[in-house]
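Novice: Take this structure, written in C-alpha cells, and hold onto it; I'll ask about it next.
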Amino acid sequence: MASSTLKHYYDEEFDPKLLDETHFSHGNIPIIEENVVYPVRILHELFCSGKVKGDTLLDISKAAVIYQLISASNQMKEIFMVKFTDHHRKHLKRWLEKKEGATDWSFVFQKVCELEGNRDKWQEKEAQVRKSIKGVIEWDDFENSSVITQLPEVDCVLSLWKLNVVSKTKEELQRNLKKFTCSLKPGGQLILFTVVNMSYYKLGEQKFFVFKVDIDDIKESLNNAGFVIEEENYLPKKVITDIVDYEGLFFILARKKSESPI
C-alpha cells in the first residue's frame with residue numbers, strides 16, 4: 001500500500017485520544033495483550049532487575065501514550081518526553097494536569113501494579129509518573145535534518161512504536177534513530193520497541209502510514225548508529241484484526257558505544 005494513500009501522524013485527522021482508545025488504553029482491545037501487556041512486562045522486568053542503569057530518561061514514543069513510563073518511573077528521577085505535534089502535546093497535557101478529556105489509563109496502571117504486587121495502589125503510581133515527568137519537549141520540525149538543541153543529556157532513551165511511524169524510507173529510519181539517540185550519553189542504553197512488517201494502523205475508518213521494516217533492517221540501523229545489542233525479544237502476531245497489519249513486535253535493549261559513528 002503506497003504511503004500517498006495513507007494518512008500520517010502529523011495530519012489533522014490524527015486524534016491522539018482515539019488512538020489510545022483504539023489500540024492501547026482498555027481491556028476490550030483485541031491486541032491489548034500484544035501491544036500493551038507485552039511491553040509493560042518487559043519494562044517491568046528491565047527496571048526491577050537492574051539491567052537498565054541511570055536516573056535520566058528521554059521518551060520518544062507514539063502520540064501521547066504514557067504506559068511505557070510506569071515501570072520506568074520507579075527508577076528514573078527525571079523523565080523528559082518529546083512530542084512532534086501540537087495536538088499530541090495538548091492531549092498529553094490533559095493527562096498530566098488531570099483535565100477533562102484525558103485518556104483513562106487506569107486499566108494499564110492496574111496491570112503494572114499487579115506485576116508489582118500492589119494492584120490497589122495504581123492511583124499512587126499515576127501520581128508517581130506525573131511527578132517523574134520533568135518536561136515535554138517540542139520538536140515541531142522533526143522532518144528537518146537538524147536536531148533540536150534543548151534535548152537533555154540522558155542515561156537512557158525509550159522509544160515505543162515511534163521509529164517506523166516517523167520514517168518513510170530506510171535512509172530516514174537510520175537518520176531518525178541517530179536523532180532519537182543524539183543526547184544519549186556514551187555507554188547509555190536504548191530501549192526500543194518496534195513493529196515488524198507493518199504498513200498501517202487504523203483510527204476510525206482512516207488508515208495511517210507505518211514504514212515497513214523487518215528485524216534485519218532494525219538491527220542493521222542500530223549497528224550503523226553505534227549500538228551493541230544486549231537483549232532482544234520477538235513476539236509474533238497472534239490475534240487477527242484489521243486495526244493493524246503487523247507480523248510481530250520486536251524489543252531491543254542496546255548500549256551506545258563510547259565512540260559512535262557520525
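Novice: Each residue of region 47-59 in turn: what ³J(HN,Hα) in whole Hz from Karplus with 6.51, -1.76, 1.60 and θ = phi - 60°, glycine and Pro shown as x?
Specialist: 3J(HN,Hα) across region 47-59, in whole Hz: 7, 7, 7, x, 5, 9, 10, x, 9, 10, 9, 10, 9.
Novice: Right, next: My understanding is that a pair violates if its Cα-Cα distance is over 28 Å; which of 121/185; 131/237; 51/212; 90/207 do that in this structure?
Specialist: Details: 121/185 34 Å; 131/237 35 Å; 51/212 30 Å; 90/207 22 Å.
Violating the 28 Å Cα-Cα cut-off are 121/185; 131/237; 51/212.
Novice: Same structure again: Loop only per DSSP, at most 14 neighbouring Cβ atoms within 10 Å: give me the trypsin sites (Lys or Arg not before Pro) in region 8-82, ordered by residue number. Mind showing how you got there, number by number?
Specialist: Working: sites: 17, 41, 51, 53, 62, 77; in loops: 51, 53, 62, 77.
When the trypsin sites (Lys or Arg not before Pro) of region 8-82 are filtered for loop state and at most 14 Cβ neighbours within 10 Å, 51, 53, 77 remain.
Novice: Residue 26 to residue 258: FRET efficiency via 1/(1 + (r/R0)^6), r the Cβ-Cβ distance, R0 51 Å, to the nearest 0.05? If you can, show how the numbers build up before the last one.
Specialist: Working: r = 43 Å, r/R0 = 0.85.
Result of the calculation: an efficiency of 0.75.
Novice: Explain nothing, just compute: Karplus ³J(HN,Hα) = 6.51 cos²θ - 1.76 cosθ + 1.60, θ = phi - 60°, for every residue of region 211-226 in order, whole Hz, x for Gly and Pro.
Specialist: 6, 7, 9, 10, 4, 4, 4, 5, 5, 4, 5, 5, 4, 5, 8, x
Novice: Under the 0.36 nm per residue contour assumption, what length would be gained going from the current alpha-carbon distance of residue 118 and residue 168 to full extension? The partial results should precede the final answer.
Specialist: On the way: separation 50, 0.36 × 50 = 18.00 nm, distance 4.19 nm.
So the extension gain works out to 13.8 nm.
Novice: Hey, another quick one. Please report the projected area of region 219-262's Cα convex hull averaged over all directions, in nm².
Specialist: Details: hull surface 16.0 nm².
Averaged projected area of region 219-262's Cα convex hull equals 4.0 nm².
Novice: Once amide H atoms are built 1.01 Å from N in the peptide plane, which residues 5 or more positions from residue 231, or in another chain, come under 5 Å H to H?
Specialist: So residue 231 has HN proximity to 253.
Novice: Also, I was wondering about something else. If each Cα of region 176-223 is one equal point scatterer, what is log10 of I(q)/I(0) from the Debye formula at q = 0.22 Å⁻¹?
Specialist: -0.89
Novice: Along each principal axis of its Cα atoms, how long is region 62-203 end to end? Whole angstroms, biggest number first, please.
Specialist: 46, 37, 28
Novice: To continue, here is another question. How large is the translational diffusion coefficient of the chain in µm² per second when you combine the Kirkwood radius over alpha carbon pairs with Stokes-Einstein at 4 °C and 1.567 mPa s? If you can, show how the numbers build up before the last one.
Specialist: Numbers: Rh = 18.4 Å.
Translational D for this selection: 70 µm²/s.
Novice: With labels modelled as points extended 7 Å from the Cα through the Cβ direction, what inter-label distance (nm, one decimal) is found for residue 10 paired with residue 33?
Specialist: Going by the 7 Å Cα→Cβ label model, 3.8 nm.
Novice: Cα centroids of region 196-241 and region 1-79: how far apart, whole angstrom?
Specialist: First find each Cα centre; the distance between them is then 14 Å.
Novice: Which length gain, in nm to one decimal place, applies between residue 234 and residue 182 when the Cα-Cα distance is subtracted from 0.36 nm times their residue separation?
Specialist: On the way: separation 52, 0.36 × 52 = 18.72 nm, distance 2.59 nm.
Roughly 16.1 nm would be gained on extension.
Taken together, the values in this text are just the output of simple stated rules run on the coordinates, not laboratory data. Predicted model, so just to flag it, every value in this text is computed and none were measured. Ideal geometry is used to build each Cβ from the backbone, glycine not excepted, and the neighbour counts take in all protein chains shown.
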